[in-house]
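Engineer: Here you go, one structure.
Bear in mind these aren't lab numbers, they're just calculated from the coordinates by the rules spelled out. Keep in mind that what you see is a predicted model, and the values were worked out from it rather than measured. Note that each Cβ is placed from the backbone with ideal geometry, even for glycine, and that neighbours are counted across all protein chains shown.
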Amino acid sequence: MTNDLRERVRGEVIEPDDDRFDGARKLYNGMIDKRPRAIVRCTSVADVMDAVNYGRGLGLPIAVRGGGHNGAGFASCDDGLVIDLSPMKGIRVEPDARTAWVEPGCTQGDVDHVTHAFGLALPAGIVSTTGVAGLTLGGGHGYLTRQHGLTIDNLLEADIVLADGRYVTASENEHADLFWALRGGGGNFGVVTGFRYRLHPVTTVYGGPIFYDISDAREVMRWYREFLPKAPGRFSPFLGLKKVPSVDAFPRELWGRQICALVCCFNGPADEAEQVMGPLRADLPDPLLDGCATMRYPDLQRMFDPLLPSGLQWYWKGDIVRELPDEAVDLHLEHAAKAPSELSLMHLYPIDGAVHSVGAQETAWQFRDATWSMVIAGIDPDPALAGDLTSWARNYWEAVHPYTVGGAYVNFMMDEGQDRIRATYGDNHARLVEVKRTYDPTNLFHVNQNIQT
Ligand SMILES: Cc1cc2nc3c(=O)[nH]c(=O)nc-3n(C[C@H](O)[C@H](O)[C@H](O)COP(=O)(O)OP(=O)(O)OC[C@H]3O[C@@H](n4cnc5c(N)ncnc54)[C@H](O)[C@@H]3O)c2cc1C
């Protein structure tokens with residue numbers, strides 16, 4: 001059946017009878033197992049056009065794969081066509097303009113590696129193996145977000161193959177409605193084949209994890225909620241409730257110990273960082289471990305990669321958080337203490353600072369007055385724990401959900417249904433529906449947090 005496709009594209013076409021099939025269909029989240037009819041590994045825009053036309057012609061479900069990290073497994077589908085963009089890894093930095101053109105198969109680490117050579121960086125995620133395409137289309141936050149905004153706030157244009165096979169560029173000046181929707185609306189509108197981003201000067205940073213004993217967590221969380229809004233954008237500490245992983249990177253006596261972590265990044269030299277972090281040193285109890293040091297930005301970005309290899313079981317739920325009242329702190333501590341595995345965690349990622357300088361209706365991402373993007377993730381290598389990971393994350397989420405704004409970051413959602421999608425886009429949902437009607441009226445691209453018309 002795929003002979004037609006094989007003849008047209010330059011990339012590999014992998015079907016179930018191929019020895020490579022099981023490897024090629026694997027997703028980052030080992031909890032999700034899907035069997036597509038074919039996987040086409042696109043090497044160019046032309047391959048993407050052919051793949052879209054082919055899938056549409058046969059009426060196949062189409063899934064689009066960037067880095068394959070999506071928690072809900074939207075990078076694949078059963079009995080359909082996977083358009084795998086992983087071979088498309090071109091990056092071109094324009095140092096004078098401080099911009100970069102990036103292909104959709106790049107991971108966060110690919111982008112950091114190349115931009116770092118120019119003393120520049122893209123504000124994006126914090127784990128180097130994540131795909132930059134899916135991350136961008138959902139919004140994208142990380143250590144540079146407080147200073148320079150979400151990844152979408154640094155997106156200048158995107159090349160995209162639409163459902164009817166047409167290729168267009170979306171920017172503020174061309175297809176502005178599509179450009180608006182791409183900034184937060186996920187993979188609903190077509191296959192993005194190139195992103196042009198604004199970059200920022202970043203060379204070395206001062207950062208790393210600081211671990212506090214869980215008995216100090218209440219004090220740390222209360223301090224953190226007051227400190228963060230006053231902290232300069234160059235400093236981004238995210239907060240975690242978790243256990244110390246039993247790996248050599250951490251002292252053996254701390255392995256498995258329940259902690260409250262502040263994972264810090266200051267974009268600048270150590271002496272300036274220490275000034276900003278003065279209150280943290282003065283006000284908080286002595287930490288169990290302080291791993292802050294000066295390092296290359298890409299090294300901080302990949303610091304936690306070894307803990308999170310592909311294929312672990314993941315079940316996560318997210319929400320956007322504006323405030324952290326005492327009752328919410330207590331619920332966090334109660335539920336974090338019941339974590340079913342050493343890797344399970346709750347993280348609060350700052351999305352204040354520069355994120356607030358964009359209006360709620362200026363992009364599809366509406367949470368422009370929030371403070372954190374929260375994720376509660378049950379994680380473990382053992383598939384036998386899948387049920388426990390899932391029920392822990394769900395129970396924890398249900399307990400703290402009343403203290404959130406009611407919607408989540410789309411990239412921290414499982415397949416949770418239309419009510420959650422509507423809550424996430426809020427007042428922007430109706431406009432997303434209009435853009436969907438214009439660019440994908442038959443909902444060809446529906447393996448995603450789907451905007452239904
Ligand atoms: C370990 C880990 C760490 C993470 N850290 C962060 C973080 O720091 N910050 C953050 O913001 N997020 C983070 N995330 C969430 C991340 O943004 C999502 O998992 C995102 O979906 C990953 O993108 P991907 O390209 O790998 O996704 P994939 O699974 O390949 O794709 C996900 C979906 O994105 C869409 N898509 C992907 N590429 C394209 C394209 N070129 N054109 C159209 N649609 C496309 C498709 O709809 C697809 O269904 C993290 C995830 C993990 C697992």
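Engineer: List Arg322, Arg98 from most exposed to least, where exposure is judged by having the fewest other Cβ atoms within 10 Å.
Structural biologist: The most exposed by this proxy come first: Arg322, Arg98.
Engineer: Another one. With +1 on the Cβ of every Lys and Arg and -1 on the Cβ of every Asp and Glu, and nothing else charged, how large is the dipole of the chain about its Cα centre, in debye rounded to the nearest 20?
Structural biologist: I would put it at about 480 debye.
Engineer: Distance between the C-alpha centers of segment 374-423 and segment 251-289? Whole Å please.
Structural biologist: When both Cα centres are located, 28 Å separates them.
Engineer: Relative to the first principal axis of the alpha-carbon coordinates of the chain, what is the inclination of helix 429-439, with its axis defined by its Cα atoms, in degrees from 0 to 90 and to the nearest 10?
Structural biologist: With both axes taken from Cα atoms, the answer is about 30 degrees.
Engineer: Using Cβ counts within 10 Å as a stand-in for footprinting exposure, how do Thr442, Thr390 rank, fewest first? Write out the running numbers ahead of the final one.
Structural biologist: Details: Thr442 11, Thr390 19.
Going from sparsest to densest Cβ surroundings: Thr442, Thr390.
Engineer: Moving on. What angle do you read, to the nearest 10 degrees and between 0 and 90, between the alpha-carbon axis of helix 45-58 and the longest principal axis of the chain?
Structural biologist: Compared with the principal axis, the helix lies near 70 degrees.
Engineer: May I pose another question? Taking the Cα atoms of segment 204-412, what is the range of coordinates along each of the three principal axes, in descending order and whole Å?
Structural biologist: 47, 46, 32 Å, listed from the longest principal axis down.
Engineer: Further question on the same structure: Taking Rh as the Kirkwood radius, which is the inverse of the mean 1/r over Cα pairs, what is the Rg/Rh value for the chain?
Structural biologist: Computed over Cα atoms, the ratio is 0.96.
Engineer: Now, a different point. Summing +1 for each Lys or Arg and -1 for each Asp or Glu, what net charge is found among the other residues whose Cβ lies under 15 Å from the Cβ of Arg234?
Structural biologist: Spelling it out: positives minus negatives among the neighbours equals -2.
Engineer: Per-residue HN-Hα couplings for segment 266-276, Karplus 6.51 cos²θ - 1.76 cosθ + 1.60 at θ = phi - 60°, whole Hz, x for Gly and Pro?
Structural biologist: Karplus-based 3J(HN,Hα) across segment 266-276 equals 10, 7, x, x, 4, 5, 5, 4, 5, 4, 5 Hz.
Engineer: Between segment 309-332 and segment 152-191, how many Å separate their Cα centres?
Structural biologist: About 30 Å separates the Cα centre of segment 309-332 from the one of segment 152-191.
Engineer: If we count other beta carbons within 10 Å of each Cβ, what is the order of His69, His401, fewest first?
Structural biologist: By the 10 Å Cβ count, ascending: His401, His69.
Engineer: Hey, another quick one. Can you give the percent of C-alpha pairs in segment 162-301 whose distance is more than 19 Å?
Structural biologist: 62
Engineer: Cα axis of helix 217-227 to longest principal axis of the chain: angle in degrees, 0 to 90, nearest 10?
Structural biologist: Helix 217-227 sits at roughly 70 degrees to that axis.
Engineer: Now a separate question. Leaving out same-chain residues fewer than 8 places away, which lysines sit with a Cα under 19 Å from that of Lys26?
Structural biologist: The reachable lysines, counting only those whose Cα sits under 19 Å from Lys26, are Lys34.
Engineer: I would also like to ask the following. I'd like the distance separating the alpha-carbon centroids of segment 204-248 and segment 35-105, in whole Å.
Structural biologist: 36
Engineer: Which loop GluC sites (Glu not before Pro) in segment 79-176, with loop taken from DSSP, have no more than 15 other Cβ atoms within 10 angstrom of their Cβ?
Structural biologist: In loop regions of segment 79-176 (DSSP not H, G, I, E or B), the sparsely surrounded GluC sites (Glu not before Pro) are Glu172, Glu174.
Engineer: When N counts the residues of segment 3-84, how does its alpha-carbon radius of gyration compare numerically with 2.2 N^0.38 Å, as a ratio?
Structural biologist: Numbers: Rg = 11.8 Å, N = 82, 2.2 N^0.38 = 11.7 Å.
Against the compact-globule rule of thumb, the ratio is 1.00.
Engineer: Towards the positive end of the charge dipole of the chain, with charges on Cβ (+1 Lys, Arg; -1 Asp, Glu), say which of Leu85, Gly125, Gln258 has the farthest Cα.
Structural biologist: So the residue furthest toward the plus end is Leu85.
Engineer: So which trypsin sites (Lys or Arg not before Pro) in segment 125-183 are both in a DSSP loop and have at most 16 other Cβ atoms within 10 Å of their Cβ? The partial results should precede the final answer.
Structural biologist: Values: sites: Arg146, Arg166, Arg183; in loops: Arg166, Arg183.
Loop-located and lightly packed - Arg166.
Engineer: Based on DSSP H runs of at least 4 residues, each adding -39500 (n - 2.57), what is the mean residue ellipticity at 222 nm of the chain after dividing by all its residues, to the nearest 500 deg cm²/dmol?
Structural biologist: -7500 deg cm²/dmol
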